[in-house]
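J.: For reference, the structure I am asking about is given below.
The values are calculated or read from the model by the stated rules, or taken from the named source; none is laboratory data. These numbers were taken from a predicted model, which means no experiment stands behind them. Using ideal geometry, Cβ is built from the backbone for each residue, glycine included, and neighbour counts are taken over all protein chains shown.
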Amino acid sequence: MKLQRLHIVIVALIVTVSVTLLMKRPLRDANAKETGETAHRLAPVVLATRGPLENVITLSGEFRPFQQVDVHAKVSGYIRQIFVDVGDKVRAGQVLAVLEVPELNAQVMGAQADIRRSEDAIRRAQSEVERTESTHQAYHAAYTRLKQASEERPGLIAEQELDDALAKDKETDAQIQSTRAALAESRNQLGMAQATLDRLLALKDYSRVTAPFAGIVTKRYADTGALIQAGTASETQSKPVVQISEWSLLRLVIPVPESAVSQLRLGSMVQVHVSALNRDFQGRVARFADALNDETRTMHTEIDVENVSGALKEGMYAEATLVVGRRDNALTVPIEAVQRNDSGATVLIVDRQGKVQVRDVKLGMESSDRVEVLTGLAENDQIIVGSRSDFHSGEMVQPKVVSNKAGEPGDGL
């Protein structure tokens with residue numbers, strides 16, 4: 001009997017609960033229908049704003065020395081002393097090595113002897129000129145007196161005697177011209193000997209190998225006692241002493257794509273980031289090839305970067321950020337808000353009534369995250385961002401302004 005009563009109570013409870021649920025369902029459906037008619041989905045939007053817009057590209061490149069040279073000797077010889085090694089910083093004109101050139105020393109001594117011989121020849125020629133001039137004066141005076149006496153007393157002086165005196169006068173005059181020519185020749189010989197000595201002394205100076213500019217020694221090719229061939233010899237025979245690279249100023253070589261070539265300007269400043277140092281440096285566009293590479297369709301461009309502290313090293317990689325375009329008062333929207341197609345581009349906007357509209361726009365310059373809108377939008381228009389497929393034209397939505405920076409919400413309207 002008790003079990004029967006328990007079954008009856010359980011059945012009654014089940015029936016009561018079922019009736020209650022059936023009565024509440026129509027009420028919930030009605031409430032849900034009423035709520036759907038008055039509330040709309042939230043739509044994340046950004047405002048079309050005006051401001052500066054820069055079109056920048058980031059290109060990777062490698063640092064190279066501003067100057068780099070293999071230092072050769074001008075003359076052949078053995079290295080007597082070498083004063084520098086890899087990593088040493090040198091100044092312009094500093095002596096790097098001294099060569100031993102015995103045969104050159106002998107040639108210098110021979111040239112000095114030639115000069116002394118020429119000086120002796122000049123002195124002899126000068127003495128000969130003085131002697132012939134003195135002889136000529138004596139013969140010329142004798143002839144003059146004989147001629148004067150002959151004119152005053154005709155027949156006193158024989159014609160043969162006058163002719164002999166005149167011949168001696170002319171002969172000694174010719175001897176003067178000859179000795180003067182010999183003197184000039186001796187002076188020319190002295191000049192030639194002096195020129196030879198100067199050339200040999202200049203070559204002797206080249207036995208001291210010096211730095212052509214301030215820099216750092218990046219390679220050392222020879223040690224003490226090594227035979228160095230003259231730098232004027234063929235490349236297969238000539239051996240450099242050291243290699244010097246300028247370190248205070250470096251070239252960052254980057255390939256600029258064809259699309260940005262027309263915007264490149266000499267002298268424009270560039271931000272250079274070196275990942276290995278986690279530092280930024282200022283650079284300047286110093287030179288470019290002004291021609292495109294046929295294979296890569298890029299232009300060889302060099303950026304000069306000061307390296308006063310020496311932190312930058314040859315061969316380091318860096319990223320250069322080039323500003324290839326700028327607008328000071330551009331109307332822009334985020335790039336992700338724009339849908340491009342064959343006929344142009346469109347955006348979804350929310351009008352003042354909260355209705356979604358598709359708007360055709362004409363685009364201009366782009367940056368990494370924003371794009372300029374030339375026509376189709378006005379300032380402060382509400383542009384839907386996010387998944388465009390979630391919204392359709394004519395749909396009523398409730399706009400919620402989010403930050404122009406991705407992931408940062410703004411104030412709701």
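J.: Of the residues Leu203, Leu162, which is without any contact (Cβ under 8 Å) to a residue 24 or more places away in the chain and part of a helix (DSSP H, G or I)?
T.: Leu162
J.: Something else: Which residues, taken from region 335-356, are charged (D, E, K, R), more than 22 Å from Gln398 (Cβ to Cβ) and in a strand (DSSP E or B)?
T.: The answer is Arg340, and nothing else.
J.: Which of the following residues is in the same structural domain as Ser403 (by TED's automatic domain parsing), in contact (Cβ under 8 Å) with a residue 24 or more places away in the chain, more than 29 Å from His40 (Cα to Cα) and under 44 Å from the mean Cα position of the chain (by Cα): Glu336, Glu379, Glu366?
T.: After applying the criteria, what remains is Glu366.
J.: Please note which strands (runs of 3 or more DSSP E) are completely contained in region 58-111 and include at least 2 residues that are out of contact with any Leu (no Cβ under 8 Å at 6 or more places or on another chain) and not acidic (Asp, Glu).
T.: Result: 68-71, 95-100.
J.: When the residues of region 256-285 are narrowed to those that are closer than 21 Å to Gly325 by Cβ and of a type in the set (Gly, Ala, Ser), which ends up modelled with the highest pLDDT?
T.: Taking the candidates together, the pick is Gly283.
J.: For Arg359, are the conditions met, namely being in a strand (DSSP E or B) and either touching a Pro at 6+ places or on another chain (Cβ under 7 Å) or modelled with pLDDT under 90 (or both)?
T.: The answer is yes for Arg359.
J.: Might you check whether a residue that is touching a strand residue (DSSP E or B) at 6+ places or on another chain (Cβ under 8 Å) and at positive phi occurs anywhere in region 252-261?
T.: Scanning region 252-261 turns up no residue that is touching a strand residue (DSSP E or B) at 6+ places or on another chain (Cβ under 8 Å) and at positive phi.
J.: Somewhere in region 220-239, is a residue polar (S, T, N, Q) and outside any loop (DSSP other than H, G, I, E, B)?
T.: No: region 220-239 contains no residue that is polar (S, T, N, Q) and outside any loop (DSSP other than H, G, I, E, B).
J.: Under 7 Å between Cβ atoms, at least 6 apart or on separate chains: pull out the pairs that start in region 141-154 with a residue that is in the same structural domain as Ala167 (by TED's automatic domain parsing) and free of Cβ contacts under 8 Å to residues at least 60 places away in the same chain and end on any residue that is in a loop (DSSP other than H, G, I, E, B) and surrounded by fewer than 12 Cβ atoms within 10 Å (Cβ to Cβ).
T.: Close Cβ pairs satisfying both conditions: Ala149/Leu156; Ser150/Leu156.
J.: Sticking with this one: Which residue is modelled with the highest pLDDT, if the candidates are limited to region 382-413 and must be hydrophobic (A, V, I, L, M, F, W, C), farther than 14 Å from Leu47 by Cβ and surrounded by fewer than 17 Cβ atoms within 10 Å (Cβ to Cβ)?
T.: Taking the candidates together, the pick is Met396.
J.: Let me ask something additional. Where residues in region 254-304 are part of a helix (DSSP H, G or I) and surrounded by fewer than 16 Cβ atoms within 10 Å (Cβ to Cβ), which of them is nearest to the chain's Cα centre (by Cα)?
T.: If we take residues in region 254-304 being part of a helix (DSSP H, G or I) and surrounded by fewer than 16 Cβ atoms within 10 Å (Cβ to Cβ), then Glu258 is nearest to the chain's Cα centre (by Cα).
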